[in-house]
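Engineer: Take this structure, written in structure tokens, and hold onto it; I'll ask about it next.
The values are calculated or read from the model by the stated rules, or taken from the named source; none is laboratory data. From a predicted model like this one, the values you see are computed outputs, not experimental measurements. Virtual Cβ from ideal backbone geometry, glycine too; neighbours counted across all protein chains shown.
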Amino acid sequence: MKKHILVSLKLTAVFIIICSVIYPLVIAAVARLAPGGGRGQTLPVNGKAVGYANVGQKFDRDNYFWSRPSAVGYNAAGSGGSNKGPTNPDYLKDVQARIDSFLAHNPGVRKDQIPAELVTYSGSGLDPDLSPAGAKIQIPRIAAARHISEQTLRDLVDQHTEHPFVGMFGPSKVNVLQLNIALDNLK
């Protein structure tokens, strides 16, 4: 019995050192090699950071591509979903309100054409990306607001579409903040 307790205590001490000291130091060292040095990749405009590349930002003006709704108000300090199921009356009311708002700001779009990501929360509430379809459905509204041709905006979305890794891992996506920065740089 004494022999087993001693072995257990030794193993516990070894794993405490591995899990509490060595592993965090290795992860911190690897993070230093990542863009932003482990503190997140900021996107600068005129030398000033305007946001983080991997955290959703709120865009709801007609002359910008809108972001995916956030259950946490785009607050990166506390990510989370709404925790409301698809049959919850409050959830359905919220989704319907977002659909109504989207249709009011995007005349000519039918309800069945709206990609779900434009009216539902992501699991983290901080999703920075839309599908190419989610971006392209907004083109007529932005073209009218900015007096830019729809083809120019389609080309811009295509230029900022990230395709699946090795052509098969993950969906195609568009980072909304990067797309809106490029939109502001169009002259």
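Engineer: Can you name every residue in the range 63-113 that is closer than 26 Å to K136 by Cβ, free of Cβ contacts under 8 Å to residues at least 12 places away in the same chain and of a type in the set (K, R)?
Structural biologist: R110
Engineer: Being within 30 Å of A116 (Cα to Cα) and either of a type in the set (A, V, I, L, M, F, W, C) or not assigned by TED's automatic domain parsing to the domain that holds L130 (or both) narrows it down to one of A31, A53, so name that one.
Structural biologist: A53 is the lone residue from the list that is within 30 Å of A116 (Cα to Cα) and either of a type in the set (A, V, I, L, M, F, W, C) or not assigned by TED's automatic domain parsing to the domain that holds L130 (or both).
Engineer: Does P140 satisfy the criteria of being of a type outside the set (A, V, I, L, M, F, W, C) and either assigned to a strand (DSSP E or B) or closer than 14 Å to F102 by Cβ (or both)? Spell out how you get there, then give the answer.
Structural biologist: Details: of a type outside the set (A, V, I, L, M, F, W, C): yes; either assigned to a strand (DSSP E or B) or closer than 14 Å to F102 by Cβ (or both): yes.
Yes: the conditions hold for P140.
Engineer: Ok, one more. If only one of K58, K10, K48 is more than 30 Å from H105 (Cα to Cα) and in the same structural domain as L103 (by TED's automatic domain parsing), which one is it? If you could, list the steps in order and put the result at the bottom.
Structural biologist: Working: K58 fails: more than 30 Å from H105 (Cα to Cα); K10 fails: in the same structural domain as L103 (by TED's automatic domain parsing).
On inspection, the qualifying residue turns out to be K48.
Engineer: Suppose we keep only residues that are small (G, A, S) and on the phi < 0 side of the Ramachandran plot within the range 91-112. Which one would you say is surrounded by the most Cβ atoms within 10 Å (Cβ to Cβ)?
Structural biologist: First, pick out the residues of the range 91-112 that are small (G, A, S): 97, 101, 104, 108.
Narrowing further to those that are on the phi < 0 side of the Ramachandran plot: 97, 101, 104.
Values: A97: 11, S101: 13, A104: 8.
Among residues in the range 91-112 that are small (G, A, S) and on the phi < 0 side of the Ramachandran plot, the one surrounded by the most Cβ atoms within 10 Å (Cβ to Cβ) is S101.
Engineer: Criterion first (part of a loop (DSSP other than H, G, I, E, B) and within 17 Å of W66 (Cβ to Cβ)) does I181 satisfy it? Spell out how you get there, then give the answer.
Structural biologist: Details: part of a loop (DSSP other than H, G, I, E, B): no; within 17 Å of W66 (Cβ to Cβ): yes.
No; evaluated as a whole, the condition is false for this residue.
Engineer: Kindly list the number of the only condition in (1) of a type in the set (D, E, K, R); (2) in contact with a strand residue (DSSP E or B) (Cβ under 7 Å, 6 or more places away or on another chain); (3) part of a loop (DSSP other than H, G, I, E, B) that fails for E117.
Structural biologist: In the conditions (1) of a type in the set (D, E, K, R); (2) in contact with a strand residue (DSSP E or B) (Cβ under 7 Å, 6 or more places away or on another chain); (3) part of a loop (DSSP other than H, G, I, E, B), E117 misses (3) alone.
Engineer: Six or more apart or on different chains, Cβ atoms under 7 Å: show the pairs whose first residue is in the range 15-29 and on the phi > 0 side of the Ramachandran plot and whose second is assigned to a helix (DSSP H, G or I).
Structural biologist: Hits for this filter: zero, empty list.
Engineer: Taking the range 37-90 as the search range and keeping residues that are over 20 Å from G123 (Cα atoms) and among the aromatic types (F, W, Y), which one is surrounded by the fewest Cβ atoms within 10 Å (Cβ to Cβ)?
Structural biologist: Checked the range 37-90; the qualifying residue surrounded by the fewest Cβ atoms within 10 Å (Cβ to Cβ) is Y64.
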